[in-house]
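A.B. asks: Take this structure first; my questions come after.
The values are calculated or read from the model by the stated rules, or taken from the named source; none is laboratory data. Given the structure is predicted, the values throughout are model-derived calculations rather than measurements. Here Cβ is always computed from backbone atoms with ideal geometry, including for glycine, and neighbour counts include all displayed protein chains. We work out accessible area using only protein heavy atoms, side chains counted, and drop any ligands, DNA or RNA first. Shrake-Rupley method; radii C 1.70, N 1.55, O 1.52, S 1.80 Å.
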Amino acid sequence: MISVQKLRRILIGAPRDPLDPRTREHIALVAFFAWIGLGADGLSSSCYGPQEAFLALGEHTDLSLLLAVAVAATVFIIALAYNQVIELFPNGGGGYKVASALIGPRTGMVTGAALIVDYVLTISISVASGADAVFSLLPLQWHDWAVPAEIVTILILMVLNLRGIKEAIAVLLPLFLGFVVVHVTLIVYGLLAHAPQLPALIPQTLHASVGLSQVSGWTFVVSVLLVSYAQGGGTYTGLEAVSNNVNTLAEPRTATGKWTMFYMANSLAFLAGGIILLYMLWNVAYAPGQTLNAVLFKSIIDHFNFGSPFANQTGLLIVLALEASLLFVGANTGFLGGPAVLSNMAADSWVPRQFRQLSSRLVTQNGVIMMGVAALAVLWWSGGSVGLLIILYSINVFLAFSLSILGLVVYWWRSRHTRPEWWRRLLLSVVGLIITTTVLGMLIIQKFTIGGWVSIVITGTIIGLCFVIRRHYDETQMQLHKIDELFTPHGAPETFVEPAPPDPRQPTAVFFVNQNRGVGMHTLLWVQRLFPGHFKNCIFLSVGEVDAHAYGGQGALRTLNYKIENVLLGYKTFCHSHGLAAAARVAFGTDPIAELTRLAEEVHEEFPNSVFFASKLVFVHDNFFTRWLHNQTALAMQRQLHLRGIQMVVLPMKVT
């Protein structure tokens, strides 16, 4: 029978060593792989964004050329704005870091909340759209199986991402390239098949626009274009993914990020703009149970004619299967970007700090699981309705876009006296801000009663929860800081003679400590008070947890090591000044419990007459919320050591 550990190893893979330099080189993404892993969301939006925009034109499809140009131009404007984000924040964080650093922490938190909802919906809507593409070829009675199929797909993507970013991309690579090659070929052929009509497109569009304005007025023409443009807001989703995940890119990160954005912008602009244009040229109309892309590509394949109806149907099947596959690949962006946002917010105490933790595969496991579970819940609630999900999706996307670009506007205005190129960057940012806020406002106004309010409620609830979590962490940290101050040495250190090394034959107190000096000193002093003069040796054990923050930037691990060594030196100095023999052991890893257990076993073998001690924060109003926000390392270690026959005492530390 396969054990749980063995099954986990089969599904997720063997652990990785975070301290091995080769590990970082292995998991870092070059621009091409980043385009696949982070750009798939953008490209997959060409499967549903252009459709929503074109349908919103109604009978005024003669305006499609203007719409296609506007969509392509918007892609490049937003991409250029996010290139600035990559330059300013080369360690990642994207819109959240931009808004936090350039506007304020609360604005950053709102941006982060919007991005979390955005990435959850990225997973849901991509999988739902992919299922729609597949089921477009099946009888209507089979469509009841769409939601169960979508749930299975999300579970598969969760497992792939728990294995690691690069492993997931390697599996999805053929699907991505297949989609790009096939769809570019179809779009080019679709345009060439109507080559005689192309020179007349601009005059026809201008004539149609003028004619419509004479009947209904220019205000009506502009409103039709704006409504359809806003409806296609889902087309631009995913463009921020690169700036959020710069820390996963290969060095030099800024250059890699810009090349990735270049690939994304050009491919998305071509696909989205080309598809909208083809809808008009091929007179595509809505058909029940089918996407507009399915209708369009069927017409193109029939026109090309592979020789028989069966061959044509097979060709269409391949195209839609690749389209569905890319949508599933696009869903993977949610599993990359969402955990990254949660990790950055956890570093600032807006969400539980467990979201910073890395698994043995160096993946932000808690974030991946949360995004998957949330996507499953949304999918089940919405019944896989792409139309409803796009409304929720687009509002949050453009809220994040607007706040991020507002941060750039603020930055370039402040830099007008120090950066000679400030006015060009400011102008680009202002244009981007006008576009994103206009679309956001129109989406809220038009879609408020048909689902927009749900998006606002969900995002507002997350914002409220973030405020509560941050307040709790701030209050706790304030009290811990006061305790730290009590034990911080002031003035010149005492002169003393360092005692002999710890004697393994003597009673030994072993302390699990972290970077909070006050907590460790609280434990040490209580032990001296409870067992006066009994323990002759003091051993301090600490683990530097390699989380997403510590593993994200150059020199971060060295900084972590320096902080821990400095804290341990303080403990040893205190013990030596009081005539106690002292030593310290330190380890680094993604799993503190496993590393501490290993250190404890080594120390207990060397010092058999030892007892282990740790402190646990005890809140006056202890509840599920406080237990959720603080790890239970002390209790987990007590259980591990007791199972090994090693004595450990947990001392409470009251926090009001």
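A.B. asks: All but one of (1) under 20 Å from residue 567 (Cα atoms); (2) open to solvent by 50 Å² or more (accessible area, probe 1.4 Å); (3) within 31 Å of the chain's Cα centre (by Cα) hold for residue 593; state the number of the condition that does not hold.
C.D. replies: Unmet condition: (2).
A.B. asks: Please work out which residue is nearest to residue 119 (Cα to Cα), limiting yourself to region 388-430 and to residues that are part of a helix (DSSP H, G or I) and without any contact (Cβ under 8 Å) to a residue 12 or more places away in the chain.
C.D. replies: 427
A.B. asks: Residue by residue through region 524-543, note down the ones that are among the small types (Gly, Ala, Ser) and surrounded by 17 or more Cβ atoms within 10 Å (Cβ to Cβ). Break it down stepwise before answering.
C.D. replies: Of region 524-543, the ones among the small types (Gly, Ala, Ser) are 533, 542.
Passing the criteria: only 542.
A.B. asks: Hey, could you check region 549-560 for residues that are assigned to a helix (DSSP H, G or I) and open to solvent by 30 Å² or more (accessible area, probe 1.4 Å) and say which is modelled with the lowest pLDDT?
C.D. replies: By that ranking, first place goes to 557.
A.B. asks: Can you name every residue in region 349-365 that is surrounded by fewer than 20 Cβ atoms within 10 Å (Cβ to Cβ) and either touching a Gly at 6+ places or on another chain (Cβ under 8 Å) or closer than 24 Å to residue 327 by Cα (or both)?
C.D. replies: 361
A.B. asks: In region 445-462, what residues are surrounded by fewer than 17 Cβ atoms within 10 Å (Cβ to Cβ), among the aliphatic types (A, V, I, L, M) and modelled with pLDDT of 85 or more?
C.D. replies: Of all residues in region 445-462, those surrounded by fewer than 17 Cβ atoms within 10 Å (Cβ to Cβ) come to 445-446, 448-450, 453, 456-457, 460-461.
If we keep only those that are among the aliphatic types (A, V, I, L, M) too, we end up with 445, 450, 456-457.
Answer for region 445-462, where residues must be surrounded by fewer than 17 Cβ atoms within 10 Å (Cβ to Cβ), among the aliphatic types (A, V, I, L, M) and modelled with pLDDT of 85 or more: 456, 457.
A.B. asks: I need every pair where a residue in region 128-146 that is in contact (Cβ under 8 Å) with a residue 12 or more places away in the chain and part of a helix (DSSP H, G or I) has its Cβ under 7 Å from the Cβ of a residue that is of a type in the set (D, E, K, R) and surrounded by 15 or more Cβ atoms within 10 Å (Cβ to Cβ), sequence separation at least 6 or different chains.
C.D. replies: Sorted first by the residue in region 128-146, then by its partner, the pairs are 128/150; 131/150; 133/323.
A.B. asks: Do you know which residues across region 238-253 are open to solvent by 10 Å² or more (accessible area, probe 1.4 Å) and in a helix (DSSP H, G or I)?
C.D. replies: Of everything in region 238-253, those that are open to solvent by 10 Å² or more (accessible area, probe 1.4 Å) and in a helix (DSSP H, G or I) turn out to be 247, 248, 253.
A.B. asks: Which residues, taken from region 621-637, are open to solvent by 50 Å² or more (accessible area, probe 1.4 Å), within 16 Å of residue 651 (Cβ to Cβ) and not in a loop (DSSP other than H, G, I, E, B)?
C.D. replies: Hit for region 621-637 is 635, nothing else.
A.B. asks: Restricting to region 561-585, give me the number of residues that are surrounded by 15 or more Cβ atoms within 10 Å (Cβ to Cβ), more than 24 Å from residue 365 (Cβ to Cβ), without any contact (Cβ under 8 Å) to a residue 60 or more places away in the chain and within 41 Å of the chain's Cα centre (by Cα).
C.D. replies: Count: 5.
A.B. asks: Return yes when residue 38 is in contact with a helix residue (DSSP H, G or I) (Cβ under 6 Å, 6 or more places away or on another chain), open to solvent by 40 Å² or more (accessible area, probe 1.4 Å), in a helix (DSSP H, G or I) and at pLDDT below 80 and no when it is not.
C.D. replies: no
A.B. asks: For region 204-251, which residues satisfy the criterion of being under 29 Å from the mean Cα position of the chain (by Cα) and without any contact (Cβ under 8 Å) to a residue 60 or more places away in the chain?
C.D. replies: Hits for region 204-251: nothing passes.
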